[in-house]
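Okay, so here's the structure we're looking at.
The values are calculated or read from the model by the stated rules, or taken from the named source; none is laboratory data. On a predicted model such as this, the values are computed, not experimentally measured, just so you know. All Cβ positions, glycine included, derive from the backbone under ideal geometry; neighbour counts span all protein chains shown.
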Amino acid sequence: MNQLATIGDNNPPTPFDDIEARINDLYAEAKQWLDGEEVTTQEQADALNTLASHIREAAKQADDMRKEEAKPFDEGKKAVQDRYNPLIQKGKGKTEVALGAVKSALKPYLLELDRIQQEAAQKAREEAAEAERDAQAAMQHRDQSNLDEQEEANRLAEEAKQLQAAANKASNAKAHAKGVGRATGLRTRTKVSIANEREAAGWAWKHDREALMIFVLTQAEKAVRHGAQSLEGFSITEEKVI
């Protein structure tokens, strides 16, 4: 006679279930111990240290299991990356190198085109400004009883309006390489460099003192780790930690 199947036979605990249960048990035990009461005896200290040891062991076991379980995915991801990197890796892939070369070839032409456009725009603005002055002068000095002067003033005003529109269009012109797809054009990139270190440090102190002090403290801690015994402007003390 076959033995009756019991609940759970078809779904035995997995290794993850086991380690999860162990860590949950250790966490529950820690909650019982760590209720806010101070440690007052050597026995309590030893028991807590044993608990900490078990927690560390369980954490290491869980992390090892995680690494082993993730290994096929990590290896698969690396294999995919290795296949695609020669094609698209930032700064190194063939598409990146080719696009960089295209931009290098286009830049001198676009810079020259931009220079020509800027000169044309400046000339157009000057012509529009001169036409506006002429139109204003004609309007101010015209004899309203003289139709010829009225017509001339109106003609100059209309001409000034058209030249201003042309100047606006010239000022908005951009140096582009169009063709198929997205146009390639020049863009302005702002670059900041330190001209005076003392004044730059003063600016940082005034505008973002907290970030500056975090950086300075990080550098000081690094110096102490490398053996510095004293640092100007810093207090170096020792404390006991677990």
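What the table shows:
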| quantity | calculated |
| --- | --- |
| Failed criterion for Lys174 (all others in (1) under 35 Å from the mean Cα position of the chain (by Cα); (2) in the same structural domain as Lys123 (by TED's automatic domain parsing); (3) assigned to a helix (DSSP H, G or I) hold) | (3) |
| Members of the stretch 26-45 that are part of a helix (DSSP H, G or I), surrounded by 11 or more Cβ atoms within 10 Å (Cβ to Cβ) and more than 42 Å from the chain's Cα centre (by Cα) | Glu29, Trp33, Gln44, Ala45 |
| Among the residues listed as Gln118, Gln136, Gln122, Gln140, the single one being assigned to a helix (DSSP H, G or I) and loosely packed, with under 11 Cβ neighbours inside 10 Å | Gln140 |
| Complete set of residues in the stretch 177-193 that are part of a loop (DSSP other than H, G, I, E, B) and in contact (Cβ under 8 Å) with a residue 24 or more places away in the chain | Leu186 |
| Of all residues in the stretch 86-98 being part of a helix (DSSP H, G or I) and under 22 Å from the mean Cα position of the chain (by Cα), the one that is farthest from Thr184 (Cα to Cα) | Ile88 |
| Filter pass, Glu152 being modelled with pLDDT under 95, surrounded by 11 or more Cβ atoms within 10 Å (Cβ to Cβ) and over 34 Å from the mean Cα position of the chain (by Cα) | yes |
| Members of the stretch 53-76 found to be surrounded by 13 or more Cβ atoms within 10 Å (Cβ to Cβ) and either in contact with a Phe, Trp or Tyr (Cβ under 9 Å, 6 or more places away or on another chain) or modelled with pLDDT under 95 (or both), listed by number | Ile55, Ala62, Met65 |
